[in-house]
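What follows is one structure encoded as structure tokens, with my remarks underneath.
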Amino acid sequence: MKLLQLALAGVITLCALLPASAKTVPVQFVSGREATFISEDPGGVIVDFVKKYSDMRDAGTKVVISGMCVSACTLFLGVIRPENVCVMPEAYLGFHSASTITREAGKPDLIEHAPEFSLLEFNMYPATVRAYLAKHGWSGENPHPEIIWVRGAQLRKFVRPCTAADLS
């Protein structure tokens with residue numbers, strides 16, 4: 001069963017990474033700039049973010065991290081080209097292992113560690129990010145529901161700071 005789950009996670013990710021048609025790529029314009037600004041993104045479903053970021057990568061979309069980006073939001077690190085992403089001084093990222101939520105009427109939500117998706121997520125990050133996360137207790141295989149926050153000088157080791165050209 002575990003092998004089947006791993007295979008399914010791999011197939012879903014490969015489908016999400018396939019290039020999108022130029023007609024379907026959503027390119028956002030914020031304040032007259034040709035870039036997507038991420039400022040208060042709590043994350044969500046891993047596959048949705050992989051697909052969204054793959055589309056943005058294929059379209060050459062510039063991304064500015066200008067605030068909070070947590071959970072699946074951080075997958076831009078492994079999908080979007082580094083030269084197309086920058087961080088503002090107030091940006092910060094939050095990392096944790098993946099989980100699933102089972103909802104049944106009349107019962108409390110059941111939240112469980114999702115080892116296959118955690119490993120998939122972890123392995124999408126660049127080596128420097130993986131090393132930092134491992135140093136702070138998350139190896140990709142173990143449950144780590146606590147958020148590992150990264151900001152300031154440490155964040156700028158992973159993502160280049162924005163320049164005036166990025167914001168014009």
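FYI, it's all coordinate maths here, none of it is from the lab. From a predicted model like this one, the values you see are computed outputs, not experimental measurements. Neighbour counts are summed over all protein chains in view; Cβ atoms, including those assigned to glycine, are modelled from backbone coordinates with ideal geometry.
Each peptide among 101-114, 148-161, 46-59 gets the average number of other Cβ atoms lying within 10 Å of its residues, and from highest to lowest they stand as 46-59, 148-161, 101-114. Taken as Cα centroids, the range 87-101 and the range 121-137 sit 12 Å apart, rounded to the nearest whole angstrom. The calculated FRET efficiency for Leu167 paired with Ser139, based on their beta-carbon distance and R0 = 45 Å, is about 0.80. Within the straight-line cut-off of under 20 Å between alpha carbons, the aspartates and glutamates reachable from Lys135 are Glu121, Glu146, sequence neighbours fewer than 8 places apart in one chain being disregarded. The length gained on full extension between Leu110 and Arg151, counted as 0.36 nm times the residue separation minus their Cα-Cα distance, comes to 11.7 nm.
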